Structures are given as structure tokens and as C-alpha cells.
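Visitor: Dropping the structure in here first, questions after.
The values are calculated or read from the model by the stated rules, or taken from the named source; none is laboratory data. Because the structure is a prediction, the values reported are computed rather than measured. Reconstructed Cβ throughout: ideal geometry from the backbone, glycine too, with neighbour counts over all protein chains shown.
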Amino acid sequence: MSFPTEKEMQVILDQEIEKLDFGEKGHIAPLLVPIHSKTLKWEYGNDEQFPAWVVADLQERGVGVAYCKGGHGASGDTWGLIFFHDDYFGMDAGWYSSLKELIQDGWYPNT
């Protein structure tokens, strides 16, 4: 499994944004940040490191949105909520199969 390039990640992000409804697109657009890489550690093992892309800053409690091709643990969910102040994946409950699912799980005011 190869790590997507920045250009490939932009295509992945654009495809996910296309799946959002009008209101969701309007909500996430100002939260998007320039895509940048971040290494996440797997705290449930031996701090194994995995490459990820940060795509948004939710501007609440230092929480951002990341994409990790391998996903979070056995669940394989590729879109996750991360804290900017550390380098860990966090809980599996904060990882989703799509950006839409992540936004709809409490990160969009109309949900």
C-alpha cells in the first residue's frame, strides 16, 4: 500500500468534497488547510508510525481532519479526527470511512 502523493491526496479530497451536500460543502470549505503530511503513531501497539495527510482545521479544541490510507487499526477507516498537539491516531471512534460521515457525526451544525 503506497502513500498518496500530495497531488493524489488533493484528488482524493476533491472527490470526497463532491459527495457533500451544499450546506456541508459551505461548512467545510473555510476549514480546509493547505494539505500537509503528518506522521501518526499507533498508540495501541508500539508507537508504530504511519504517514497521513492533514486536510482541515476544525477550529475547536485543536482538532483537525487527517487522511491515512491504511486507516485506523483493524477498522480501516481512512478519515480521522486528530489533535494538532500530539502525533497519535486517537480513538477508533474518531475515524470514519468518508469525509461526509466524519462531518455528519457532530462536526456540522445542522446534524
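Visitor: Among (1) modelled with pLDDT of 95 or more; (2) surrounded by 17 or more Cβ atoms within 10 Å (Cβ to Cβ), which single condition is residue 94 missing?
Guide: (1)
Visitor: Sort out which residues of the range 1-57 are hydroxyl-bearing (Ser, Thr, Tyr) and in contact with a strand residue (DSSP E or B) (Cβ under 7 Å, 6 or more places away or on another chain), and write them in order of number.
Guide: Listed by number, the residues that qualify are 37, 39.
Visitor: Quick check on the range 103-111. Is at least one of its residues touching a helix residue (DSSP H, G or I) at 6+ places or on another chain (Cβ under 9 Å) and among the hydrophobic types (A, V, I, L, M, F, W, C)?
Guide: yes
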